[in-house]
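Down below is the structure, laid out as structure tokens.
The values are calculated or read from the model by the stated rules, or taken from the named source; none is laboratory data. Note that this is a predicted model, so its numbers are computed, not measured. Backbone-built Cβ (ideal geometry, glycine too); neighbour counts: all protein chains shown. Only protein heavy atoms, including side chains, enter the accessible area calculation; ligands, DNA and RNA are left aside. Shrake-Rupley method; radii C 1.70, N 1.55, O 1.52, S 1.80 Å.
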Amino acid sequence: MAPEPSEIARPFWEGCNDGKLLIQRCLQCGTFIHHPEPECVQCGSADLIFDPVDGTGRIETFTVVHRSFVPNYQDATPYAVGWIALPEQRNLRIFSAIYGKNVLDAVTIDAPVEVRFEQVDGFGAVPVFVLR
């Protein structure tokens, strides 16, 4: 099932299609914001841009899905998903699928990961994170 991007999130998804992880950032106070918002969650400014981030992180928490209710993912079980902490700012996270060699045995809290982009038919690229 492909995500349906809002106008406010369109630069994020365009970045994914270009192979870049772009996170919204406030030009007034420098706060990164994810998921995109119309105003800064820290200072209230509407002066926001999308900046590239490194694309590395650590698994903050995860789960292994054994029974999916999402169309097109029912045959993919089991799979791992989780919150990835990005190093650019404290409490900056992105939710993602987690891949890697023997991922179901290797996935752990605090494991280092890096972004890759996976093509979703009828949509485009989505970020996923791979164990390093």
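Quick notes on this one:
- Each residue of region 24-40 was assigned a 3J(HN,Hα) from its phi angle through the Karplus expression (A = 6.51, B = -1.76, C = 1.60, θ = phi - 60°), giving 4, 9, 7, 7, 7, 10, x, 5, 7, 10, 8, 6, x, 10, x, 9, 4 Hz with x at Gly and Pro.
- Here region 95-132 is scanned for amide nitrogen atoms under 19 Å from the site 7 Å beyond the Cα of GLU14 along Cα-to-Cβ, giving 123-127.
- Read-out log10 I(q)/I(0) by the Debye sum over Cα atoms at q = 0.10, 0.12, 0.17, 0.20 Å⁻¹, derived from the coordinates shown; its label in (i) -0.37, -0.53, -1.01, -1.29; (ii) -0.37, -0.51, -0.89, -1.18; (iii) -0.34, -0.49, -0.94, -1.22: (iii)
- Rough spin-label spacing in nm, given labels placed 7 Å along Cα→Cβ, for VAL128 and ARG90: 3.4
- Adding -39500 (n - 2.57) for every DSSP H run of four residues or longer, then dividing by how many residues the chain holds, sets the calculated 222 nm ellipticity at -2000 deg cm²/dmol.
- Annotation: amide H of VAL113 within the under-5 Å range of GLY57, ARG58, ILE59, ARG132, sequence separation 5 or more or interchain, hydrogens built in the peptide plane.
- Stretch gain in nm, segment GLU118-THR56, where the contour uses 0.36 nm per residue and the Cα spacing is subtracted: 20.7 nm
- Tail weight of P(r) past 15 Å, computed on alpha-carbon pairs of region 93-132, percent: 40
- Most fluctuating residue given options ALA85, ALA76, ALA111, as computed from a GNM of the chain linking Cα atoms under 10 Å: ALA76
- For region 1-54, GluC sites (Glu not before Pro) meeting the loop criterion (DSSP other than H, G, I, E, B) and having at most 12 other Cβ atoms within 10 Å: GLU7.
- Of all accessible heavy-atom area on the chain, the percent that carbon and sulfur account for (1.4 Å): 48
- Of all DSSP-defined beta bridges confined to the chain, some 95% are antiparallel rather than parallel.
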